[in-house]
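The values are calculated or read from the model by the stated rules, or taken from the named source; none is laboratory data. These figures come from a predicted structure and were not determined experimentally. Here the Cβ positions follow ideal geometry from the backbone for every residue, glycine too, while neighbour counts run over all protein chains shown.
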2 protein chains.
Amino acid sequence: MSNVKVANHKTGTSMYKAWLKYYRLENKELLTLYKQLLREVAVAEDSVITANAVNELKTGLYGLLGIKPVFSSELTGEAGLVIGTIEGSKEISGLLSADEKDSLGEEGFIIRFKTENNAGRLLVAGKTNKGLMYGVFNLLRLIQTETAPQALSRIENPVNQLRTINHWDNIDGSVERGYAGRSIFFKNNKITGNLSRINDYARMLAAAGINTIAINNVNVHEFETLLITDKYIKDVAKLNEIFRGYGIKLFLSINFASTLEIGNLETADPLDGNVRQWWKDKADYIYSHIPDFGGFLVKADSEGRPGPFTYGRTHADGANMLAEALKPHGGLVIWRCFVYNCQQDWRDRTIDRARAAYDHFMPLDGKFQDNVLLQIKNGPMDFQVREPVSPLIGSLKKTNQLLELQITQEYTGQQRHLCYLVPMWKEILDFDTYGNGKGTTVKKIISRDTFKNNYGGFAAVTNIGDDANWTGHQMAQANTYGYARLAWNPDLSSEEIAEEWIRRTYTNDSKVVDIIKGMLLGSWKAYENYTSPLGIGWMVNPNHHYGPNVDGYEYDKWGTYHRADHKGIGVDRTVKSGTGYAGQYHKEVAEVYESLEKCPEELLLFFHYVPYAYRLKSGETLLQYIYNTHFRGVEQVEELKQNWLGLKGKVEEDVFLHVLERLEGQLSHSKEWRDIINTYFLRKTGIPDELGRKIY
Amino acid sequence: MSNVKVANHKTGTSMYKAWLKYYRLENKELLTLYKQLLREVAVAEDSVITANAVNELKTGLYGLLGIKPVFSSELTGEAGLVIGTIEGSKEISGLLSADEKDSLGEEGFIIRFKTENNAGRLLVAGKTNKGLMYGVFNLLRLIQTETAPQALSRIENPVNQLRTINHWDNIDGSVERGYAGRSIFFKNNKITGNLSRINDYARMLAAAGINTIAINNVNVHEFETLLITDKYIKDVAKLNEIFRGYGIKLFLSINFASTLEIGNLETADPLDGNVRQWWKDKADYIYSHIPDFGGFLVKADSEGRPGPFTYGRTHADGANMLAEALKPHGGLVIWRCFVYNCQQDWRDRTIDRARAAYDHFMPLDGKFQDNVLLQIKNGPMDFQVREPVSPLIGSLKKTNQLLELQITQEYTGQQRHLCYLVPMWKEILDFDTYGNGKGTTVKKIISRDTFKNNYGGFAAVTNIGDDANWTGHQMAQANTYGYARLAWNPDLSSEEIAEEWIRRTYTNDSKVVDIIKGMLLGSWKAYENYTSPLGIGWMVNPNHHYGPNVDGYEYDKWGTYHRADHKGIGVDRTVKSGTGYAGQYHKEVAEVYESLEKCPEELLLFFHYVPYAYRLKSGETLLQYIYNTHFRGVEQVEELKQNWLGLKGKVEEDVFLHVLERLEGQLSHSKEWRDIINTYFLRKTGIPDELGRKIY
């Protein structure tokens, strides 16, 4: 068992408990059933992870059922729960069939319910203690969401191997693109002492299936560079100990120029012998303190960060040098593909930032060591509310890949707006790349189903901070949870995930569940409606990225343009007449994007310059569509608010008031978006709204 | 004499010496003449200020002439210089006629050259030691600029009473709107110890005629609030001692809410007895440490600062409360009129920020104590490259007034662009307000010539920082110098001031002087050409205000709009159909601004919404004018650079390279301005340049 006590955070609000709330079952029948069933628990396993799982079981069952079961090594009565691992217990092994055992992977679990002699017997087992832990967390989830004992039985293995959370936390305590307070790890250039909160965080992550975490920002500054030195390594080890107890591997973002900055070398050239030796020694050093250290996350040659380009080397050279150092210890290198020219001249229409990741990395396919993963942003730009899927995914065949998503709502309302992102992620995961013929969806590539690479999985930039409710907007917890659940199983639907989260967070009252589910499921589309139309993106204020500014990035160096004039808007990315980006996809996809008629309308302006008078399939002109969706988006926020108002008395008062306040802010700000966008296009075109609504 | 030694700054560059360079006279004839004339100096005066003047004379004459004159109390030979004050020496008094004495004000000086018996005798005298000091500084200026002895004689009094410099320095060392490094006064929440540099700064200011300084930012934060407490008062007194030695009064910006923040009171209500008493006690306290303390500078109820509005009081109530406290000690309250609604809704066209200062302060005319001055920004907005004169000036009749200018180039290129502001200030000073009939120019109002108020004068936000050359761009020293000279005598021409500055800074070589003078005099117009057209302003990036962004402030809360659509641009501020701002001027002025035809074209878009097809007096359409001036502006910067390149070898190499680097940056950035502005209007109108030049 971890040496850190599980404790409630001092704020003590129910929002702090997130999806580990374990409120008492409302269904009296089920309550009685489970009280009966779970009077006794036999534990056939001894390890830190299992002890944490047992602890969670105690906390959970006391909350859910109001009982303190008897824990022993063997059941004394007919009814009860047995938990253990195949590896750790012959008895458990003996309870399972050969088929069952074969179907359990390293992190998989089985829950099996049997009725014998009028009594119920429940088994939760894993091949390993990690699997067992997931089994326990899932059992608690299933009870909380009112699953009948007869419906509990299942075998589950996580679909994805790496299920990663990235923190963009700086050691001064700030969080890049953080909207929920300060870092939970760092403060004033120190690793903070609030280990009990970090333990609670590890519980939350493990409960949802996360197994990897990078704790510091990919932009590694002066002090963060020292995380892999005596100054900080012991404190990093302490954090690792907490996460280890929940089966979570800890990674650090490192500074590619470490040899220069802390290594007393005059180069960071990845082919230089001294540099390579320095990193080997550094890896030995790190593993001597943290034997199960995960590895390095690296942002190189991007937005001013150092990298192999400085020395005329490739990114494969850079990544492989680090991989070689970590390899003897089983460590991984996760190398980000967010590399582009951020000193672009807006006048030059031949350069296209969207092309950059493919152009840089596609020639390197097959050249990376087998313990290197490329971490690829879902879209070619940067987490806009709507982007096509990166053409790298489905093109790279001989390279380990992580899909990078963004939970923190940098461009999607910064946790002041409700924007449930799971439907967006689902569209990405289900996108057919045709990378290995029809049906090569993104989720099949990153799960390694298609190309059978060594490693694969999910990564995402988290929305967590030290706000009492973790995520600023309490309902943004649904995104943290939803991401983790999708990483575990990308076939779960947006609706299922929403419903799980609501039932764990608020209530099982089906009317309430339906209302909140409706709110969540409609929120992304509403946000898209009142912000940036048809895939064009970037109509935001520079730097902080909050709020409307149509020309904010139009004449800037970042490669982010809409090219609107008085006749039309959009970026021509066709092969025929544009930047050629559409040609980076496989033929079947490229043909669709290349064609103005076939291009999915939600991405129309990403791929084509389109006159305002162009008729969409709905019959609306492009301009009228912009007006209509912006008016509609605000109406949808008004509906969100009305729906929430109907929940007064049905959710806790502090939660009710907190969410209401955010929704009111969202409503006011959505009007700001509507009016600025509509006014911009009215002023530019002189063509009024056909319905005569007020545009300023 | 001040206890601080005059020393060169450690950087030791010639740029550090600014207009006190005292380089050796190039004209051999004059050099011989002055060496002869100034072998001996008699000083009939003893005070700190005079000692500083004598010290300056020694430094100056050694530099200019290479001599170390004999200093005594009486001349021994026929030739020589006598300096002293009427107040301090009967002998000096005896040398002057009654008329001469009558014409000398408190800060005035006389320089008189007489030839007797084939020898020259020079007299420099003031009524007071301050006047004497100005006389000495002016003598050195006249010699440096190659004035023959026969042309030295003059009597001068400063036209304006208060000649004030405002520092927007924060005590953490940052400078709000500073573009020349960090504060020269403050660092890490301490008053810095570099007193020798501050002494040099005081010399520079006094040499140009400044007699008042406010050392801290008008936005008074936590630590600055403590400047009037034990924590800092002794260090403030040390700074005061330096400035005192050069006749400069020291002011502090204060926090109107001091009683709340450091006074243990629960209110800052200016009519509350305890608050009034607190400020009286505070004034007593300050004067016990600094007997000649100048007074308070106050920004209240502005951009989030606290003020009397919080308590339903007027600004007269607020200012008079402080004035009452300072009055027994002879202190002044300088109260800024920069009060407006900075939470404006861009959709609401009835509110006009330009109206705010007049609307707030005009009803209070005559209600301020006689030791209160209102500090009024030159224009109604905020230091744009072109604004009309504030209608408050010429309307207030019974109120002491300071004109506030901005030397620091917040909106005029941030000292990366060359922009000599004296011509702009001259236009402001010569503007006829008709406040007391025709001829009531701004300069006559603030000099108190028109309304005979108690106090008046100039204030300006400085461009000084701790860069080795003080101002970032070395040529920006011309603005610091020019401001001070205009405050002394607003009838000096832009050309005269430029020429003085060039001759003191670089050389008396008339070819070089002419080239640099041409560069300075054309630079404001060039900057206006390639930036924001015809008085509309605000086409800059928000917050930092550098670089083009046409819509940057268009949909924001700051009240700063251009209202451009596809047909035209401009803000209708007429009485007939607009915000009514034009009606705040006296009838003769209002009629001109109200009329589209009569309105000066450089302010056309400030007062009128004008179609792009409108023909200007030149025959160009408004749109073509925008294109033409933006192409022209860049050409002018190209000319600036070419002119400077011609000076290689004629100015010091480090200066040459430094200015060249800035000009190259300006050239590149002016193209950015040109292309973004032109593209914006081309995209909005679809109408190409008549001359077919490249617009992107």
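Numbers at a glance
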quantity	calculated
Scope region B:376-407; condition small (Gly, Ala, Ser) and closer than 17 Å to residue B:363 by Cα; matching residues	B:390, B:394, B:395
Residue A:276 vs. criteria within 14 Å of another protein chain (Cβ to nearest Cβ) and either without any contact (Cβ under 8 Å) to a residue 60 or more places away in the chain or of a type in the set (A, V, I, L, M) (or both)	no
Sole residue being in contact with a Gly (Cβ under 9 Å, 6 or more places away or on another chain) and in a helix (DSSP H, G or I), chosen from B:589, B:634, B:575	B:589
Breaking point among (1) in a helix (DSSP H, G or I); (2) touching a helix residue (DSSP H, G or I) at 6+ places or on another chain (Cβ under 6 Å), for residue B:654	(2)
Residue within region A:572-586 that is more than 14 Å from chain B (Cβ to nearest Cβ) and within 25 Å of residue A:676 (Cα to Cα) present	yes
Neighbours by Cβ (under 8 Å, 6+ apart or cross-chain): first from region A:337-355, free of Cβ contacts under 8 Å to residues at least 40 places away in the same chain and within 14 Å of another protein chain (Cβ to nearest Cβ); second aliphatic (A, V, I, L, M) and part of a loop (DSSP other than H, G, I, E, B)	none
Residue selected from region B:561-592 under the condition of a type in the set (S, T, N, Q) and within 30 Å of residue A:566 (Cβ to Cβ), by the criterion farthest from the chain's Cα centre (by Cα)	B:577
Filtered residues of region A:529-562 (kept if free of Cβ contacts under 8 Å to residues at least 60 places away in the same chain and either on the phi > 0 side of the Ramachandran plot or not assigned by the TED database to the domain that holds residue A:673 (or both))	A:543
Test: residue in region A:94-107 that is within 26 Å of residue A:248 (Cβ to Cβ) and of a type in the set (Ser, Thr, Tyr)	yes
Residue A:483, sole failed condition from (1) touching a residue at least 24 places away in the same chain (Cβ under 8 Å); (2) within 14 Å of chain B (Cβ to nearest Cβ)	(2)
Residue match in region B:512-528 (condition: more than 14 Å from chain A (Cβ to nearest Cβ) and free of Cβ contacts under 8 Å to residues at least 12 places away in the same chain)	yes
Entirely in region B:154-242, the strands (runs of 3 or more DSSP E) that have 3 or more residues that are crowded, with 22+ Cβ neighbours inside 10 Å	B:162-166, B:212-214
Leading residue by the ranking (nearest to residue A:605 (Cα to Cα)) among those in region A:550-560 that are within 27 Å of the chain's Cα centre (by Cα) and of a type outside the set (Phe, Trp, Tyr)	A:560
Cβ pairs under 7 Å, 6+ apart, first in region B:282-298 and farther than 15 Å from residue B:247 by Cβ, second basic (Lys, Arg) and part of a helix (DSSP H, G or I)	B:289/B:234
Residue count for region A:401-446, restricted to those that are in contact (Cβ under 8 Å) with a residue 60 or more places away in the chain and among the acidic types (Asp, Glu)	3
Filtered residues of region B:651-690 (kept if away from chain A (no Cβ under 14 Å) and without any contact (Cβ under 8 Å) to a residue 12 or more places away in the chain)	B:653, B:657, B:661
Criterion violated by residue A:469 - all others in (1) assigned by the TED database to the domain that holds residue A:409; (2) closer than 21 Å to residue A:142 by Cα satisfied	(2)
Residue in region B:280-291 that is in contact with a helix residue (DSSP H, G or I) (Cβ under 7 Å, 6 or more places away or on another chain) and within 28 Å of residue B:381 (Cβ to Cβ) present	no
Residue match in region B:380-391 (condition: assigned to a helix (DSSP H, G or I), acidic (Asp, Glu) and modelled with pLDDT of 95 or more)	no
